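What follows is a set of notes on a single structure, which appears directly below.
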Amino acid sequence: MIDSILTFCDEVLSNPVWFYIITLLIKIVICFAITILFIPVCVYIERRVAAWIQDRVGPNRAGIPLSIFRRFGMKSDLPFKKTLDYFGLPHDGKIANLCRFFRLDRDIPIFGLVQPMVDGGKLFLKQDFTPPFVRRVYFWIAPILVLAPPLMTAAVVPFAGDLQTSYGNVNMAVANLSVGPLWMFAISSLSVYGLVLAGWSSNSKFPFLGGVRSSAQMISYEISMGLSIIPVLMIYSTLDLSNIVEYQAANGWLLLPVWGEGLSWQRWILLVPVAISFIIFLTSIFAEANRTPFDMSECETDLVGGYHTEYSSMKFAQFFMGEYAAMVVGSSLVITLFLGGWSIGFGLDGWLNENVANWVAVICQLIAYVFKLLFFAFFFVWVRWTLPRFRYDQVMKLGWMVFFELAVINIFLTAAILYFVK
């Protein structure tokens, strides 16, 4: 029976058409799984890091209280004392005091891991109320238009190197387009239609103002973001994201050229325009994802809740899922263009390709890519709870009066450096 199944699978995979279809479906599942699963991960990081930064009790400290054991006729600290006795530790020793410092004598730590599930269940079970005065069809379509574009954008990002099989090589991007950055800009900018529709269809003043703000903010920072990567593409001389990552794996990341041919003095000079592009691009990602300090389209101090004021239940959740998905996809593009994508760096990619099996190297590259995403998720949360929200006029001035001019000047600076160093 097993031999027959293996023979059938071998015959199917030997067909190039079926091999392409099956590998494509697997890549779609992996790509969407990384993007969708990172949404609850980002929620968990948001709550945990926020509590840590604000020095308050939150998911990073709250656990199952030991006081519940009183219901069973036990003392509240009995499990704590029994654990110390099991390992032969004194109740007043350094280990016991350290456990008390982390509140392990009061709680069974679960590290807030159930918080994303509780959030999802709360939003799913809430009443899905649609106000009678809204434009109903557009009101329902708007959340979908916010969540769908980030998921489509992630399709061109390579999350690992090529997987070599006996049936053929598999490129680890769902759609290996030769114009990857252009696809990402074209599709990701469509999410603003969902925000504008949400504000307009709500038939309410504050949501409408939030939708108008989101469109103005998108135009301002989309121009700066597009111009900021032109110097990067001039250096790479390609728009293929897979080739860009492979170049960085061999010659050093664009922001860290310290191995391979990256040690040349020309690359170090190019770090100046690259750093400028990185700052402009990363800041524009914050504005595109409506993250603090650029969340002007939904800030509660001005607009109650902005474009999603009239939404509830899962429609409300879809807006925030779209925001976190945009954050993940934006981080993916930053990682791909500036920080090596799936590349582990420091010459380890070449060593893995030479000394271990190809599938092991691909898994290691996927892990490196996920860890970079986790770092940027922490960075987004850290910025949110560190910087205060800008005023709307400051947001517009930064986009048009600072970033736009700086991005244009940076293009000419990069062209001059490339002309003289090559």
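The values are calculated or read from the model by the stated rules, or taken from the named source; none is laboratory data. Only a predicted model underlies this, so the values are computations on that prediction, with no experimental measurement involved. All Cβ positions, glycine included, derive from the backbone under ideal geometry; neighbour counts span all protein chains shown. Each accessible area value is taken on the protein alone, full model and side chains, heavy atoms only, with ligands, DNA and RNA left out. Shrake-Rupley method; radii C 1.70, N 1.55, O 1.52, S 1.80 Å.
Numbers at a glance
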| quantity | calculated |
| --- | --- |
| Residue within the stretch 350-359 that is within 29 Å of L190 (Cβ to Cβ), surrounded by fewer than 21 Cβ atoms within 10 Å (Cβ to Cβ), touching a residue at least 40 places away in the same chain (Cβ under 8 Å) and more than 17 Å from the chain's Cα centre (by Cα) present | no |
| Some residue of the stretch 344-351 being charged (D, E, K, R) and over 26 Å from I279 (Cα atoms) | yes |
| The listed residue being modelled with pLDDT under 75 and either of a type in the set (D, E, K, R) or open to solvent by 80 Å² or more (accessible area, probe 1.4 Å) (or both), out of F72, F87 | F72 |
| So V334, is it of a type in the set (V, I, T) and surrounded by fewer than 22 Cβ atoms within 10 Å (Cβ to Cβ) | yes |
| When residues of the stretch 261-274 are limited to those that are buried (at least 16 other Cβ atoms within 10 Å of the Cβ) and under 17 Å from G345 (Cβ atoms), the one modelled with the lowest pLDDT | G262 |
| Flag for L24 being assigned to a helix (DSSP H, G or I) and either modelled with pLDDT of 80 or more or among the aromatic types (F, W, Y) (or both) | yes |
| Residue check for F376: among the aromatic types (F, W, Y), under 24 Å from the mean Cα position of the chain (by Cα) and closer than 30 Å to D55 by Cα | yes |
| Number of positions in the stretch 281-307 that are hydrophobic (A, V, I, L, M, F, W, C), at pLDDT 80 or above and surrounded by fewer than 22 Cβ atoms within 10 Å (Cβ to Cβ) | 2 |
| One residue from R47, R100 being at pLDDT 80 or above, among the basic types (K, R) and assigned to a helix (DSSP H, G or I) | R47 |
